[in-house]
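Here the structure is laid out as structure tokens; the discussion comes afterwards.
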Amino acid sequence: MPRPTRHAPERGDARTRLLEAARDVIRTRGFAATTVDDLCRAAGVTKGAFFHHFRSKDALGVAVAGFWAETTGALFEGAPHHAPADPLDRVLAYVDFRRALVSDDIPAFTCLAGTLAQEVHATAPDIRDAAAAGIFGHARTLEPDIAAAMEAHGIVPDGWSAASLARHCQAVVQGGFILAKAANDPDLAREAIDHLGRYVRHLFGVAPAASREDPK
């Protein structure tokens, strides 16, 4: 998903600062490698403050997944891809917005919920379920525009639906993040999202977008 504002220890109460620290540190180091001491240091709070707000690191993991869903949900709700009148243009603008969020700082643009789900899906079901709620909840926000685009463009799907295409968008974006991490190359995330845009245009029978490659 997106890159929210970086952690600022001087702002907010201790709980919020811990959640902001967890958002940033876990995306950089992973959940298992992040210690309570790491989080306290990044948030500028004491360990006593940590355990006042969270009974364990796993409890913080559940809370930060919800915090991520709430803050990124607000970001996407106010994003420019809602502006076009044509619903297909809104879907394609969403894809463009996802690409625009990819920076050269890999931890800053990758998805906390995806990171948590990949790492703890078999070991911490409460965290996994909280991450899944954010991932699938975000996918569901795309369904109305996809369904409206299908109706407006006379698309009769063969084996797919607005819901499955919305989930596919998530799969491509999350997969692009994994490739970017694996190769330490953010261009692989951009490449994956570019292919997603081509795929959506192909499904709806519209002309491809202009190439993003620099002219030779």
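Descriptive notes on the structure:
- Relative compactness, the range 59-143, computed as alpha-carbon Rg over 2.2 N^0.38 Å: 1.19
- Options V172, I26, V95, ranked by Cα towards positive dipole end of the chain, top entry (Cβ charges): I26
- Kirkwood hydrodynamic radius (C-alpha pairs) into Stokes-Einstein, the range 116-174, 37 °C and 0.692 mPa s, D in µm²/s: 259 µm²/s
- Per residue, the accessible area of the range 32-182 comes to 46 Å² when a 1.4 Å probe rolls over the protein heavy atoms.
- Accessible area of the chain belonging to carbon and sulfur atoms, whole % at 1.4 Å probe: 54 percent
- Between A33 and S56, residue separation times 0.36 nm minus the direct Cα-Cα distance comes to 6.8 nm.
- Point-charge dipole on Cβ atoms (K/R +1, D/E -1) for the chain, about Cα centre, debye to 20: 500 debye
- With the simple spin-label model, which puts each label point 7 Å out from Cα in the Cβ direction, the D185 to F136 separation comes to 3.4 nm.
- The Cα-based radius of gyration of the chain, divided by its Kirkwood radius, gives an Rg/Rh of 1.01.
- Among P80, P107, P157, residue whose mean-square fluctuation peaks in a GNM of the chain (springs only between Cα atoms under 10 Å): P157
- Per the Debye calculation on the range 101-216 with a single equal scatterer at every Cα and no solvent contribution, log₁₀ I(q)/I(0) for q = 0.22 Å⁻¹ amounts to -1.25.
The values are calculated or read from the model by the stated rules, or taken from the named source; none is laboratory data. Quantities reported herein were computed from a predicted structural model and do not represent experimental measurements. Reconstructed Cβ throughout: ideal geometry from the backbone, glycine too, with neighbour counts over all protein chains shown. These accessible areas exclude ligands, DNA and RNA; they are computed on the full protein's heavy atoms, side chains included. Shrake-Rupley method; radii C 1.70, N 1.55, O 1.52, S 1.80 Å.
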